[in-house]
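J.: Got a structure for you, questions after.
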Amino acid sequence: MRRFSKWPWILLLCAAAAGCGGDEPKFNGIDVTGADWGRDFRLQDPDGRTRSLADFRGKYVMLFFGFTHCPDVCPTALTRAKEVKRLLGADGERLQVIFVTVDPERDTPVLLREYTAAFDPSFLGLRDDTDATKRTAAEFRAFYEKVPTGAGYAVNHSAFTYVFDPQGRLHLAMPHLQSAEPYAADLLVLMKRTS
Amino acid sequence: MKSLLLVLLLSLTALSATAQVQVKDPWVRATVPQQAATGAFMHLSSPADARLVSASSPVAGVVELHEVRMEKDVMKMRAVPGIDIPAGKGAELKPGGYHVMLMNLKSQMKEGEVVPITLVIEGKDKRRQTLEVKAKVKALTTTGQGETKKH
Ligand SMILES: [Cu+2]
């Protein structure tokens, strides 16, 4: 009796882990499916409308933090996102790239719009006041910090890209040092799993 | 007379040590209209140990030498007092490393334009010399990987 009752549990666990068969391809990024953080955001788009994850139902969302005063890591992340979209071919249309500024003082709505559009017209820049930006970063367990650099300041920040499924559920945190190919591969795996 | 010649010769070699700093593939990342800062990248080489100690440009109100590092997935950018150019080895200013930070930009950096940058190079003898660089503005989407192989 006891022996038999074990089975349903194992099956349930397998379904939850989605990997007991061993034929499920692994993610290159960090699998954070089911995390109790990174659940949502409420930020302003360049038109001043409040946006949250619910606005992007049906899209695979790739979100990351950055600032336009960044000559290096941020354009690299946006260029990679553009390349991921290209690598996905027709599936690239199901992608929504969101750039959240950690420097709302300097990144005005106009600047943010111009900046993201320079990479891809479909990319969206979001910003808000300092408090909302702090809350959002905390929700995503992201770190950022204003540091002086001589005459100006830089905003040091964690450089993960977060990937959501079309229901707005967080699945992946992708490290910055990965190239476009593993990003695209992970999105394809996620698309297979969640379609 | 002989010693005078020697002094002359010595000062000439000291001069050439800094004069021989060479710049390869200098480029500036393009900006969008209201963007106030960007980075300049290049390869510096020198037959003798030298050091890039400062830079200036008519397109920017403030120019600093910066380093970008990834520390446990956190992007960190900081100002550095100088960038060493070891003899024969050179210094690479590239995304994910050092750059010349152009701040308080006076105009938009448009792809294809040429930006003059003056580098101040210090030799081992602390003698300083300036080097004029003409950096080409490249697309905002330039990754900086394999840039020298393209042509
Ligand atoms: Cu910088």
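The values are calculated or read from the model by the stated rules, or taken from the named source; none is laboratory data. Worth saying up front: this structure is predicted, and the values here are computed from it rather than measured. Backbone-built Cβ (ideal geometry, glycine too); neighbour counts: all protein chains shown. Keep in mind that these areas ignore ligands, DNA and RNA; they rest on the heavy atoms of the full protein, side chains included. Shrake-Rupley method; radii C 1.70, N 1.55, O 1.52, S 1.80 Å.
J.: Going residue by residue through segment B:90-98, is there one that turns out to be more than 16 Å from residue A:71 (Cα to Cα), in contact (Cβ under 8 Å) with a residue 60 or more places away in the chain and either open to solvent by less than 60 Å² (accessible area, probe 1.4 Å) or touching a strand residue (DSSP E or B) at 6+ places or on another chain (Cβ under 8 Å) (or both)?
T.: No; the residues of segment B:90-98 include none that is more than 16 Å from residue A:71 (Cα to Cα), in contact (Cβ under 8 Å) with a residue 60 or more places away in the chain and either open to solvent by less than 60 Å² (accessible area, probe 1.4 Å) or touching a strand residue (DSSP E or B) at 6+ places or on another chain (Cβ under 8 Å) (or both).
J.: Mind counting the residues in segment B:46-84 that are more than 14 Å from the ligand (Cβ to nearest atom), open to solvent by less than 40 Å² (accessible area, probe 1.4 Å), in contact (Cβ under 8 Å) with a residue 40 or more places away in the chain and assigned to a strand (DSSP E or B)?
T.: Residues meeting the conditions: 3.
J.: When only residues in segment A:84-138 that are small (Gly, Ala, Ser) and outside any helix (DSSP H, G or I) count, which is surrounded by the fewest Cβ atoms within 10 Å (Cβ to Cβ)?
T.: Among those residues, the one meeting the criterion is A:122.
J.: Here is a follow-up. Residues being open to solvent by less than 30 Å² (accessible area, probe 1.4 Å) and under 23 Å from residue A:73 (Cα atoms): count how many of those fall in segment A:183-194.
T.: Final tally of qualifying residues: 4.
J.: Continuing with this model, one more query. In segment A:67-100, what residues are among the polar types (S, T, N, Q) and either within 11 Å of chain B (Cβ to nearest Cβ) or over 13 Å from the mean Cα position of the chain (by Cα) (or both)? First the steps, then the outcome.
T.: Residues of segment A:67-100 that are among the polar types (S, T, N, Q), as a first pass: A:68, A:76, A:79, A:96.
Hits for segment A:67-100 are A:68, A:76, A:79.
J.: What single numbered condition from (1) small (Gly, Ala, Ser); (2) under 24 Å from residue A:28 (Cβ atoms); (3) modelled with pLDDT under 95 fails to hold for residue A:154?
T.: (2)
J.: Of all residues in segment B:90-120 being farther than 18 Å from residue B:67 by Cβ and in a strand (DSSP E or B), which is farthest from the ligand (Cβ to nearest atom)?
T.: Among those that are farther than 18 Å from residue B:67 by Cβ and in a strand (DSSP E or B), it is B:114.
J.: Looking only at segment A:160-195, how many residues end up being touching a residue at least 60 places away in the same chain (Cβ under 8 Å), out of contact with any Ser or Thr (no Cβ under 9 Å at 6 or more places or on another chain) and facing chain B (nearest Cβ under 8 Å)?
T.: Count: 1.
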